[in-house]
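Here is the structure we will look at.
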Amino acid sequence: MTNSEIKESFLVAKSGDEEAFGRIYDYYYDKLSAYVYRRVLDGENTQDIISNTFFKALKGLKRFKWQGASQFNGWMYRIATNEVNAYFRKKSHYHFSAPEDLEQYFFDNSSTDDVQDDASRKIDLQKDFVEISQVIQELKPKEQTLIHLRFFEDMSMREIAETVNKNENSVRVSLHRILKKLKLRSGAKQLNQLN
Amino acid sequence: MNDIEKKLSEVEKPEFSNNKHKHQLRRALLSSSQFEKKKSIWPKVAFSLSAATAVAAIVLAVVVYAPGPETSFSPDFVQLGDSDNPMPQGNEGLLADGGIRKFRSDQELQEFIAKNKIKKEGESPEYSMETGSSSIARGEGLGGGSSTDYSTTNVQVEGVDEADVVKNDGQYIYAVSNDKVSILEAYPAKEMKKLSEIVIPADEENNYRPEAQLYLNDNNLIIITSEYSKVLSGNEDSSRCDLIDMCPQTYYEEEAIVYIYDISDRSNPKMRDKISSSGYYVNSRMVGDYVYIVTNQALSHGIILPSIENNGQEEVVRSQDIAYNSDVKDNNFRFTSVIAIDIVDGETTQQVSLAGDSQEIYVSTGNIYTTQTNYAYLNENKVLAEAEESQEKTIINRISIDKDKVEYAATGEVRGWLLNQFSMDEYDKKFRIATTVEEFNGNELSYSDNNVYILDENLERVGALEGLAQGERIYSVRFMGERGYIVTYKEVDPLFVIDLKNPKNPYVLGQLKIPGYSDYLHPYDENHLIGIGKDTEVVTSNIEGEENIVLPKGMKMAIFDVSDVTKPKELHKVVIGDVGTSSEALYDHKAFLFNKKNGLLVLPISLAEIPEGVEDDRSYGENVFQGVFVYRVDLNKGFDLKGRVTHYSAEQVEQAEFHNYTQTIRRSLYMDDVLYTLSQEFIKANQLWSLKEIKADKL
């Protein structure tokens, strides 16, 4: 999706066209679910977080003032990030609750098992990622966010700044500091393993 | 790069795929009643019994029209309410006084912001401005080979032009197509040809930029665009940061850019002026030979003084020239700049104020009104907070304009949020605004009503009509002199006719309840309105205890007869397509083309139809056409469909391939008896009324 397509879809969706929202959804579902999955490494929770994320985005749509595609992108990621943070805070208490009138769409949960299988299989395949995630997950959630956006979502400093609502310079400084911290920790970890 | 950075960069990332969930969630989202109240896809319906009867059009007269002798009204002697109609309660929060002053120093500016900034840099809502299209006006003709009658942009206020992606002067058509503007000699149509194109200079970083918009003033073409690229450094750009501690080190800034092209030779347009203003482009208008640009500059990164650059000459606005209202605390603290550009000589003047976000603007020939709705339930992460009571209110700023004089004049406040520019109006020195107040209990909308406020020049309340249509919200508004028309909706569409003759005492003259709703109201004449919107059907659930459901249907167009204001009538109606049908004209009045003289009404439409044999009343139509529907409208016969025009090829139509935005018709206009339609890629000329194609060209 190009930026002008995103803008067009956004404006049309805001005016009340569900198909246009569908286009935004299709595009961001893949991006955001990958992002969330990498952060929580669990298929089922990813589903809950993503569902909440999109319902919040839908709700906020009317109130969102278009100022450019990068700001919109930042906004979408910010909602997902807030949900991830809420999940880290609440853990087992974190749930997706469908709006009452839409529960019917979520009755069918037969997919859950597939997802778990799917998820564990994938993680098996990517031990390196699990390993590095363990190191990352020792950071504060806000620090984790910066690392993920920078290295796994491949965002520029400016895009990160849009997403976390900070200025670019402070993002740069924070990242530098976090990397230093990670380096120390992974060094210590390797040392432990040697011992 | 250290080890950890290398690892982070090179590790193989897992992807997530679960198509089943993706589809399940998609279906739920697109069926959500929250999705947009505008379209009301199967919302839960609170009141059930009356609904079924209301499906049939019924006419209710709420208050009988009883005009009294009009007494002259002096704004110096404001009385809130009168004995016949005491002010409704809730006159809260009007700002105590005019309170507008200027900062005495940079330091005062800093201190004011630091002190009054509420830690809720709430991004607030409502729409950005989009581009529009053509409606009707009669031209004098340019002599030579020009038409005698042609359309111009469908604007809200006579004498106040609105920027659009297309402009028409009866001989030439100026059209934005991606990153260029094409100038075509379009009359006579069979010799239509492109004379030149202006490539809008790319911004430095090739960032996304909003689509350019145009004004036409004689031999000047004004192109408005924006750039999001400039990097400022606190040190290098000291003139904008002098003495200000809150100045950021580096800062990405969006700028509004205005180009003025001399087009006396249409084949060879020459750039005459380039004017840029700090802050992002909010909206603009043209009154006479002046274009007024409104920009907003956020202060979330620090304070950097606004500036204007006119052909390379930068002028920094001093703190001492920035106006503010000392009473305003709960605010976004943005610099709002209103820049007057004299098109003839390219000179600029501006007024910068600390007037918050400008979401919707309304412009009369003498005033610009900017509005900022504060949605109480946006938390500091700019995400909807749960379970907070709503205290939505809208702050209104009035900036007076008179040629190159621009002055921040007043601030006021009303309850609720407004839908769009048509929710506002100025008449006889009074400002009228229609709003919806909503209260939420958690995520559930627990209460709503609708209001009309009438404010004086100081934006203090003169009169109000509150509590209209509880449980519903406003879908469209049109103020026409001493009357206002409001469409609210939940499951049936009441059209309210409101008497505004006495600004102290607005009241409901009559109302009409019909299925569906109108998103846009266009005056036909003083006693008739055209409404375009969506048709709906209320179905009683066959499951006991379950509430009624509202099923969306196709698009709907109607003519309302308000000659008897106590009994508005739906005179004619037509339903276009099935659920899923939509039109850009529903949310952008510039896509609506209407000429009363010959009854021409043209709408761009994406037509959806439910295939035959599908019984499920909740299924959505399939896209079967995109293009314009051309109607002939008159009060006796209603809407007579003369034909359709598309920019998609016969093959694409056959295969129902309507996904290519660049071929989607967005605007239409006419010169004499020729209809022109424009997509991003093409322009087509068709004969009225046969719609025989005369010529098609690439833009």
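Looking at segment A:149-184 only, could you name the residues that are facing chain B (nearest Cβ under 7 Å) and in contact with a Lys or Arg (Cβ under 8 Å, 6 or more places away or on another chain)?
A:Phe152, A:Glu168
Given B:Asp499, B:Asp525, B:Asp535, which one is of a type in the set (Asp, Glu) and closer than 28 Å to B:Glu457 by Cα?
Only one candidate qualifies: B:Asp499.
Specify the residue that is nearest to the other protein chains (Cβ to nearest Cβ); the eligible residues are those in segment B:1-15 that are more than 12 Å from A:Phe152 (Cβ to Cβ) and in a loop (DSSP other than H, G, I, E, B).
Among residues in segment B:1-15 that are more than 12 Å from A:Phe152 (Cβ to Cβ) and in a loop (DSSP other than H, G, I, E, B), the one nearest to the other protein chains (Cβ to nearest Cβ) is B:Asn2.
Name the residue that is surrounded by the most Cβ atoms within 10 Å (Cβ to Cβ), counting only residues in segment B:668-684 that are touching a residue at least 24 places away in the same chain (Cβ under 8 Å) and not in a strand (DSSP E or B).
Checked segment B:668-684; the qualifying residue surrounded by the most Cβ atoms within 10 Å (Cβ to Cβ) is B:Ser679.
Give just the number: which of (1) modelled with pLDDT of 90 or more; (2) part of a loop (DSSP other than H, G, I, E, B) does B:Phe560 not satisfy?
The failed condition is (2).
Does segment A:19-26 contain at least one residue that is closer than 30 Å to A:Lys140 by Cβ and modelled with pLDDT under 90?
So far as segment A:19-26 goes, no, none of its residues is closer than 30 Å to A:Lys140 by Cβ and modelled with pLDDT under 90.
Return the only residue of B:Ser278, B:Ser264, B:Ser319 being closer than 30 Å to A:Glu159 by Cβ and modelled with pLDDT of 80 or more.
B:Ser278
What is the one condition in (1) more than 26 Å from A:Gln134 (Cβ to Cβ); (2) at the interface with chain B (Cβ under 9 Å from one of its Cβ atoms) that A:Asn73 does not satisfy?
Going through (1) more than 26 Å from A:Gln134 (Cβ to Cβ); (2) at the interface with chain B (Cβ under 9 Å from one of its Cβ atoms) one by one, A:Asn73 breaks only (2).
Output the residue which, of all residues in segment A:38-56 that are buried (at least 22 other Cβ atoms within 10 Å of the Cβ), without any contact (Cβ under 8 Å) to a residue 40 or more places away in the chain and not polar (S, T, N, Q), is nearest to B:Glu360 (Cα to Cα).
Once the filter is applied, the top-ranked residue is A:Phe54.
If I filter segment B:641-650 for residues that are under 13 Å from B:Ala186 (Cβ atoms) and modelled with pLDDT under 95, do I get at least one hit?
no
Name the residue that is farthest from A:Thr53 (Cα to Cα), counting only residues in segment B:337-356 that are at pLDDT below 90 and touching a Phe, Trp or Tyr at 6+ places or on another chain (Cβ under 9 Å).
B:Gln351
Consider A:Ile79 against the criteria (1) more than 10 Å from chain B (Cβ to nearest Cβ); (2) at pLDDT 85 or above: it satisfies all of them except one. Which criterion is unmet?
(1)
The values are calculated or read from the model by the stated rules, or taken from the named source; none is laboratory data. Bear in mind the structure is a predicted one, so any value in this text is a computation, not a measurement. No Cβ is skipped: glycine too gets one built from the backbone with ideal geometry, and neighbour counts run over all protein chains shown.
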